[in-house]
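One structure below.
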Amino acid sequence: MEVFDLSDKTERVLLVGVQENDGDDTEESLQELAELAKTAGAEVVGTVIQKRERIHPGTYVGKGKIDEIRTLLNALDATGIICDDELSPVQMNHLQQELESKIMDRTLLILDIFASRAVTKEGKIQVELAQLRYRAVRLVGLGSSLSRLGGGIGTRGPGEKKLEMDRRLIKERISQLKKELEHVKKHRKLLREGRKKDRVMTAAIVGYTNAGKSTLLNTLTDAGVLSEDKLFATLDPTTRLLELDGGQRIYLTDTVGFIRKLPHHLIEAFKSTLEEAKYADVILHVVDASNPQVEEQMFIVYETLRELGVKDKTIVTLFNKQDRLAGNEILRDFKADYVLKISARTGWGLDELKNTLEKILIGNQIYIERVLDYKDAGMLQLVRKYGQLIEEKYTENGIEIKARVPKDIYGRLGE
């Protein structure tokens, strides 16, 4: 996968959005788009918002606004525009013809960031698949645009050469990547089954991008995952085992961050990764409590989980970044089973999180009091490995134990 170095070529871009209703989140969405552009290595030189009843089907914005954008492009020496919604091939071609400048949309920008963040083979396969699906129907307009404008945002990943392939070759490449992804999916399934055999529960760490998921995993388990104050700082999921004070154990899996208008191509390509949340026993929902759009971000996370088919899970919502808050804000999540305030960076509140996780684990176990024959002493090792041995006493009648064990172990210990 080809990655262009943007360090010596900063793109200067105009952000363009359409506000269809008064009071919608267009301004907040464009602020987030600016952060995405910055993450991709671009410099935002201006923002344009058009109020319309609906997005123009042919050119995204109206004719008058196109003239305004053309004037701004020249006045601000901008190299292109980024639209806040996914453009259709028709819209992209028409804008290209009208403005004679580089045209990008939110989806292309996010795909570009993912391409630069992907480290593992799995991540690179998923990104390339998403990009090719996106570009397959945009070859004519997008290909000519990139061939004239050279490198920069939107050219990472498959690269310009692959964009110039005909549709048949791209279709073959997509088919090949899907097969490779099936192997990845099978591998993930085997890993999950292995953890299931260990009878250790799993918690998936989910949340809006830059909420502090990787920082939480690092602080709890010394995972060593890249953690930066950037959108999509980490892309590839990481699983680590957390040992709790009471002897209980739980796997923690970091997942890719969610975002408003998360491209459909990404959800499809990253399904094997995102499904970690679907198969987890517990959802740790990390929320940036210092963000002004905290409630909207929570809503987007829950909507994305719903799209992935994640339901009937124990949810622990963690209002993170408490160290950035001045007052004692009222923070609620009525969809969560547990709500905690934490600071993943400083470690504040994480003892309470561990206690909560232990409570959840205990709630999924059965308390027993048994007297084991000495000939069955091997069962003790089973209890220690998969449950929690609270007390053991050696008597004339056998080994008296008090313990908590998973349901399947309970059946093997007899009455």
- Message: With the cut-off at 1.5 for a/c, could you classify region 248-306 from its C-alpha gyration tensor as rounded, prolate or oblate?
- Response: oblate
- Applied in sequence order to region 81-93, the curve 6.51 cos²θ - 1.76 cosθ + 1.60 (Karplus, θ = phi - 60°) yields integer Hz couplings, x standing for Gly and Pro, of 10, 10, 8, 7, 10, 6, 8, 6, x, 5, 4, 5, 5
- Under a Cβ-Cβ cut-off of 10 Å, what is the net charge of the residues other than residue 313 that fall near it, where Lys and Arg count +1 and Asp and Glu count -1? -1
- Give the Rg (one decimal place) followed by the Dmax (whole number) of region 307-415, computed from C-alpha coordinates and expressed in Å. 20.0, 62
- Task: Sort the following peptides by mean Cβ neighbour count (other Cβ atoms within 10 Å, averaged over residues), highest first: 296-304, 52-60, 324-332, 394-402.
- Result: 296-304, 52-60, 394-402, 324-332
- Task: For a label point 7 Å from the Cα of residue 264 along Cα→C-beta, name the residues of region 85-107 whose backbone N is under 16 Å from it.
- Result: 85-91, 106-107
- Item | Summed side-chain charge close to residue 393 - residues other than residue 393 whose Cβ falls under 13 Å, Lys, Arg +1, Asp, Glu -1 | -3
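Considering only DSSP beta bridges where both residues belong to the chain, give the percentage that are antiparallel (nearest 5).
Details: 22 of 61 bridges.
Expressed as a percentage, antiparallel bridges in the chain total about 35.
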- Message: Taking the Cα centre as origin and putting +1 on Lys and Arg beta-carbons and -1 on Asp and Glu beta-carbons, what dipole magnitude results for the chain, to the nearest 20 debye?
- Response: 1480 debye
- Task: Would you list which lysines come within 24 Å of residue 186, measuring only between C-alpha atoms, while excluding same-chain residues fewer than 8 positions from it?
- Result: 121, 124, 171, 178, 196, 197, 271, 278, 311, 313
- Query: Separation of region 11-35 and region 40-105 by C-alpha centroid, Å?
  - Reply: 12 Å
- Message: Please compute the length gained on full extension between residue 47 and residue 376, using 0.36 nm multiplied by the number of residues separating them and subtracting their Cα-Cα distance.
- Response: 111.1 nm
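Pop the C-beta distance of residue 367 and residue 325 into the FRET formula with R0 = 45 Å and round what comes out to the nearest 0.05. If you can, show how the numbers build up before the last one.
Details: r = 39 Å, r/R0 = 0.87.
That gives a FRET efficiency of 0.70.
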- Please state the relative contact order of the chain as a whole percent: Cα pairs under 8 Å, 6+ residues apart? 12 percent
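Go through 410, 374 and list them by solvent-accessible area, largest first, probe radius 1.4 Å. Can you show the working numbers first?
Values: 410 70, 374 110 Å².
Most to least solvent-accessible, the answer reads 374, 410.
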- Could you check how much of the accessible area of the chain is carbon and sulfur, as a whole percent, using a 1.4 Å probe? 47 percent
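Which whole number in µm²/s is D for the chain by Stokes-Einstein, with the Kirkwood Rh taken over Cα pairs at 4 °C and 1.567 mPa s? The partial results should precede the final answer.
Details: Rh = 23.8 Å.
Rounded, D is 54 µm²/s.
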- Hey, rough spin-label estimate for residue 396 and residue 12, points 7 angstrom out along Cα→Cβ, what's it come to in nanometres? 9.5 nm
- Item | Ellipticity estimate at 222 nm from DSSP helix runs (n ≥ 4, -39,500 (n - 2.57)) divided over the chain, nearest 500 | -13000 deg cm²/dmol
- By average C-beta atoms within 10 angstrom, highest first, the peptides 199-210, 362-373: 199-210, 362-373
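At 1.4 Å probe radius, can you tell me the per residue accessible area of the chain in Å²?
Working: 19840 Å² over 415 residues.
Here the per-residue accessible area is 48 Å².
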- Query: Taking the Cα centre of the chain as the origin and placing charges on Cβ (Lys, Arg +1; Asp, Glu -1), which of 221, 78, 347 is farthest toward the positive end of the dipole?
  - Reply: 221
- Query: All other residues with a Cβ under 15 Å from the Cβ of residue 283 taken together, and with Lys, Arg as +1 and Asp, Glu as -1, what is their net charge?
  - Reply: -3
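The values are calculated or read from the model by the stated rules, or taken from the named source; none is laboratory data. Predicted model only: the values in this text are computed from it and were never measured. Every residue, glycine as well, gets a Cβ built from its backbone with ideal geometry; the counts of neighbours run over all protein chains shown. Quick note on the areas: whole protein, heavy atoms, side chains included, nothing else; ligands and nucleic acids left out. Shrake-Rupley method; radii C 1.70, N 1.55, O 1.52, S 1.80 Å.
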